[in-house]
Amino acid sequence: MERTQTQRQDVPRSGTYTVDTEASAVRFRTRSVFGLFPVRGTFTLARGSVVVAEPAEASTVDAVIRADSFDSGLGRRDDHVRSGDYLDAARHPEIVFRGTGLRRTGGGGVLHGRLTVRGAGAPVDVEITEVVAEGRWLTARGTATVDRYAFGVTKARGMTGRRLQVDLDIRASR
């Protein structure tokens, strides 16, 4: 019996990839109580796609996060963040990212895009730290800093961190 080996490459083949929401992760870190305490948690991806173009700089990314999926492990805080004071998940159930411009850097790249939270959009850059293509699969890792004030989420200044560090692990298939 002949064994086939999946070839691993750094540059994925052009085409449309559908994000596997179960195999992907969106994690965040911030601080609370005047920056004294770390807060870590997750969001759930609802859906997403990656279009790898030729040239790669023309590639696009669409991702939708469920606003009601905010989870820091503390139910009372999570309910408050989902409320109208912060994410207003009942009125704005989706957090949407649209990446439209890739700039290659030494070991990765920067994906320029627009993030929409509570109906307000602002530019956000995602630093791509790793891209691996194996067969029909694409795995990408990246990080972004999100300033909640840019989206009108300004409740509890000082008590709640202004910036969130967002770490992305995305797995998608053709």
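Since every read-out is calculated from the coordinates, none of them should be taken as a lab result. Keep in mind that this is a model prediction, so the values were computed, not measured.
Here are a few things to note about the model shown:
- Counting all C-alpha pairs of the chain, share separated by more than 30 Å (%): 22 percent
- Using C-alpha pairs below 8 Å separated by at least 6 residues, the relative contact order for region 14-173 is 25 percent.
- The length gained on full extension between ALA156 and ALA23, counted as 0.36 nm times the residue separation minus their Cα-Cα distance, comes to 44.5 nm.
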